Amino acid sequence: MTAQVVIEARGVSKWVRDGSRRREVLRGVSLAVAAGEWVVLTGPSGSGKTTLLGVLGGMLLPSEGEVLIDGEAVSRLRDRHRAEVRRRKVGYLFQDLALVPGMTCLDNVLLPLLPDGLATREGESRALAALDRLGVGARAADKVDGLSGGEKQRVALARALVVGPRVLLLDEPTAHLDRSLAEALLADLEALAAGGAAVVVSSHDPRILSDPRVNRIFTLEAGVLSPPAVAGELLGASSVPGDILGEGAPSVPGEGLS
Ligand SMILES: Nc1ncnc2c1ncn2[C@@H]1O[C@H](COP(=O)(O)OP(=O)(O)O)[C@@H](O)[C@H]1O
Ligand SMILES: [Mg+2]
């Protein structure tokens, strides 16, 4: 790969405590994503997608191995420094969006800028620009509580983008979107990747898995990452109606969590 690697996992394993037992959620995962690249992580519910995104974004620490952002081993940094790198370089879209209720759209998008003292005119103009870009600028002064699902998704994406992240991590971003909003989101992701961000999306949405704009698709199975495929390959010949697959994950027997 000639393009510059922005984010890299090297031999990442992650154990969690499960009652008195230890569970291995990620097993020796290695992955490098370059500037301008858009990759997808797929795999059944419970296979470790959200955990891997959390480790890539520095929200979770690997139990083994390391994560590098722009060549810096963030997983080795002290908490405060790691939080700072994460805030400046990583945009994260939570599966449940994690918007702050009772706050306006604008204030939600301003949150990542607060430590820079950017709740000022400059911060506001950046936040408004991010909301505008996603077509929800007109809702800036409204509380997030009253928005539709698709509008909330866009506000959350604006918040992930407002710092101009090097890495954009999105956890099942189309789960609550209808066809036209999903298409708009995919176009946004393409534009972001074209702008030089490394974009990593977890999804089992066939609309994403068959999208030719996706560069590589990795499958996680029980915490093990398989070599990449290209868009469309994993769906095989079976044609599945997209509208029933947005949420309904194929699941591993004995697993039911997403
Ligand atoms: N902090 C935790 N404590 C216990 N189990 C966890 C924890 N985090 C993740 N897991 C388990 O790890 C597995 C992978 O979870 P997750 O990364 O959310 O998978 P996915 O996003 O692919 O559905 C699940 O079985 C989940 O229950
Ligand atoms: Mg998940």
Give me the log10 of I(q) over I(0) for region 128-223 at q = 0.13 Å⁻¹, as the Debye formula computes it from C-alpha points; what are the numbers? -0.46
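Per residue and in cubic angstrom, what volume does the convex hull of the Cα atoms of region 55-183 have?
Here the figure is 118 Å³ per residue.
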Measuring from its Cα centre, region 43-196 shows a charge dipole (+1 at each Lys and Arg Cβ, -1 at each Asp and Glu Cβ) which, in debye to the nearest 20, is 320 debye
Which is farthest toward the positive dipole end of region 1-148 among LEU26, VAL55, GLY117, measuring Cα position about the Cα centre, with Cβ charges +1 (Lys, Arg) and -1 (Asp, Glu)? LEU26
Quick check: Cα centre of region 1-75 to Cα centre of region 85-150, how many Å? 26 Å
Dipole of the chain, positive end: most advanced residue of THR219, LEU177, VAL74 [Cβ charges, Cα centre]: VAL74
Give me the extension gain from GLU122 to GLU72: residue separation times 0.36 nm, minus the current Cα-Cα distance, reported in nm with one decimal. 15.1 nm
Which order, highest average first, do 207-219, 33-45 follow once you tally other Cβ atoms within 10 Å for each residue and take the mean per peptide? 33-45, 207-219
For the residues ASP142, ASP171, ASP96, ASP188, what sequence is obtained by ranking on other C-beta atoms within 10 Å, fewest first? ASP96, ASP142, ASP188, ASP171
Dipole in debye (nearest 20) - the chain, about Cα centre, beta carbon charges: Lys, Arg +1; Asp, Glu -1: 760 debye
Equivalent-ellipsoid semi-axes (√(5λ), Cα gyration tensor) for region 64-122, whole Å, largest first? 26, 15, 9
Can you give the alpha-carbon Rg of the chain over 2.2 N^0.38 Å, where N counts its residues? 0.99
Go ahead and set up a Gaussian network model of the chain, Cα springs under 10 Å, then flag whichever of ALA198, ALA158, ALA98 fluctuates most. ALA98
Nearest 5 percent is fine: what portion of the DSSP beta bridges confined to the chain is antiparallel? 55 percent
GNM, the chain, Cα, under 10 Å: largest mean-square fluctuation among VAL12, VAL109, VAL100? VAL100
Contour minus end-to-end for GLU233 and ASP178, with contour as 0.36 nm per residue of separation and end-to-end as the Cα-Cα distance? 17.4 nm
5 Å binning of all Cα-Cα separations within region 1-134, expressed as whole percents from 0 upward: 2, 9, 16, 18, 18, 16, 12, 7, 2, 1, 0
Could you check the spin-label model distance between GLN4 and ALA187? Points 7 Å from the Cα along Cα→Cβ, value in nm. 2.9 nm
Distance in nm between VAL16 and ARG133 label points, each 7 Å along Cα→Cβ, equals 3.2 nm
Given the alpha-carbon gyration tensor of region 35-101, what are the semi-axes of its equivalent ellipsoid in whole angstrom, ordered largest first, with each equal to the square root of 5 times an eigenvalue? 20, 16, 13
Against the globular-protein guess of 2.2 N^0.38 Å, express the Cα radius of gyration of region 116-170 as a ratio, rounded to two decimals. 1.12
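Bear in mind these aren't lab numbers, they're just calculated from the coordinates by the rules spelled out. Here the structure is a predicted model, which means the values were calculated and not measured. Cβ coordinates were reconstructed from backbone atoms using ideal geometry, including for glycine residues, and neighbour counts include every protein chain displayed.
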